[in-house]
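Data first, discussion second: the structure below is written as structure tokens.
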Amino acid sequence: MFGGLNMIYFDYTADTPPDSRVLEEYIRTAQIFANPNSAHSAGQEAKNEIDTGISRTAERLHIKPSEIIVTSGASEANNLAVKGLTFTDRRRGRHIVSTFLEHSSVSGALTFLQEQGWEIDIVNVKPDGMIDIDHLRTLLREDTVLCAVCAVDSELGTVQPIGQIAEILKDCPNCRFHVDATQAIGKIKLDLTFADTASFAPHKFYGLKGSGILYKREEIVLEPLIHGGASTTIYRSGTPDTAAIAAAAKALELAENEFEERLAYVTNLNRILRDEIRKIKGLIINSPENAVPHILNVSSAGIKGGKMQALLNEKGICISVKSACSVPNTPSRPVMAITHDRKRALSSWRISLSHLTTEQDIEALIKALHEIMEQEVRK
Ligand code: PLP
């Protein structure tokens with residue numbers, strides 16, 4: 001059983017079920033309901049809870065509490081960083097460098113800026129999924145004001161060399177570095193302080209939807225998306241959600257404390273899955289070997305991603321085609337970027353794994369894939 005449905009779930013990259021310990025923390029703190037911006041004792045009780053949640057989050061991430069901006073999710077955090085940084089720096093230059101691996105909340109914000117006159121260059125991605133560092137060097141200019149690269153991409157699971165990119169950007173004094181860390185938290189160890197800004201959301205690591213975090217290095221100035229009075233920060237107005245902040249801190253604590261154990265388990269599942277998929281005629285693995293084990297992108301000869309999703313769904317199995325928020329029936333940009341093969345990009349889909357996935361789940365998926373592919377061959 002998964003949620004209210006009798007389905008086997010392989011879409012943990014899109015969303016994870018909230019951990020019961022996160023829910024307990026949410027329920028406890030939701031009752032501390034007063035507005036934390038109110039000066040009376042009830043408000044201050046809520047404010048103390050928020051300060052504790054933000055301090056715990058900051059401690060885990062090795063950053064300062066004042067460097068945390070609480071948002072409604074990673075999409076808002078990405079928009080705030082991309083638009084906020086470039087708008088602030090618009091007189092220094094209007095050139096941006098990014099990749100085809102970005103989530104639509106980064107690429108969509110970049111398209112918006114392009115329509116307003118900013119120039120965007122895209123760094124090549126090598127067949128192993130890593131961005132081409134030499135190409136990046138050639139793209140950087142004096143008027144480059146932003147480089148936006150995801151730490152882990154949501155479709156292939158590639159892991160980018162964030163420290164190395166930060167080092168290269170030191171030669172480009174006007175350029176800010178935004179890292180979308182949404183698929184990184186809980187999956188890899190990442191030092192956020194390489195970035196000027198970094199985004200993530202707890203619903204990707206067994207926390208709750210409706211909240212997100214933007215790390216913003218202290219000295220960086222951002223134009224807010226939501227103007228209004230100062231709340232926990234001047235960069236994002238609105239009454240802060242005490243319970244969401246406490247729950248985010250709890251989800252992060254669990255993701256950190258249980259990191260090694262969860263990773264070892266998922267790595268083993270990924271190995272089993274890769275071995276079994278390689279035996280199925282017509283399937284080809286797109287995720288590079290060095291991708292996070294939680295994400296496995298596959299193409300199916302003769303079957304488009306959407307069709308495969310529907311066929312597996314009929315068999316009680318949830319997988320995903322591209323990321324949940326992207327445009328349907330278009331080729332996967334990350335798969336195109338590493339394979340340059342449109343057919344392969346159109347027939348790609350994604351399995352995502354968790355410490356909650358069982359070996360029986362994998363067996364059921366493999367059986368279903370054998371059946372589907374054999375049926376296709378007979379057609
Ligand atoms: N960035 C990446 C890499 C993602 O995978 C996602 C969600 O799929 C997002 C951003 C957007 O997250 P949210 O749904 O919290 O807005």
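The values are calculated or read from the model by the stated rules, or taken from the named source; none is laboratory data. These numbers were taken from a predicted model, which means no experiment stands behind them. Please note: Cβ atoms are built from the backbone with ideal geometry, for glycine as well, and neighbour counts cover all protein chains shown. Heads up: the accessible areas ignore ligands, DNA and RNA and are worked out on the full protein's heavy atoms, side chains in. Shrake-Rupley method; radii C 1.70, N 1.55, O 1.52, S 1.80 Å.
Descriptive notes on the structure:
- Any hit, the range 41-54, residues being open to solvent by less than 30 Å² (accessible area, probe 1.4 Å) and in contact with a Gly (Cβ under 8 Å, 6 or more places away or on another chain): no
- Among (1) under 20 Å from Ala151 (Cα atoms); (2) surrounded by fewer than 21 Cβ atoms within 10 Å (Cβ to Cβ), the one test that His355 misses: (1)
- Any hit, the range 72-79, residues being surrounded by 17 or more Cβ atoms within 10 Å (Cβ to Cβ), assigned by TED's automatic domain parsing to the domain that holds Glu102 and away from the ligand (no atom under 16 Å from the Cβ): no
- Residue satisfying condition, being over 15 Å from Glu155 (Cβ atoms) and not assigned by TED's automatic domain parsing to the domain that holds Ser98, within set Ile362, Ile285: Ile362
- Lone qualifier among Val298, Val321, Val292 - being under 23 Å from His103 (Cα atoms), open to solvent by 10 Å² or more (accessible area, probe 1.4 Å) and in the same structural domain as Leu356 (by TED's automatic domain parsing): Val321
- Residue tally, condition open to solvent by less than 20 Å² (accessible area, probe 1.4 Å) and outside any strand (DSSP E or B), over the range 188-207: 7
- Pick from the range 208-227, criterion over 21 Å from the mean Cα position of the chain (by Cα) and more than 19 Å from Ser105 (Cα to Cα), ranking: least open to solvent (accessible area, probe 1.4 Å): Ile220
- Pairs are defined by a Cβ separation below 9 Å, a sequence spacing of at least 6 or placement on different chains, a first member in the range 142-154 that is within 11 Å of the ligand (Cβ to nearest atom) and open to solvent by 10 Å² or more (accessible area, probe 1.4 Å), and a second member that is of a type in the set (A, V, I, L, M) and in a strand (DSSP E or B); the pairs so defined are Ser154/Ile295.
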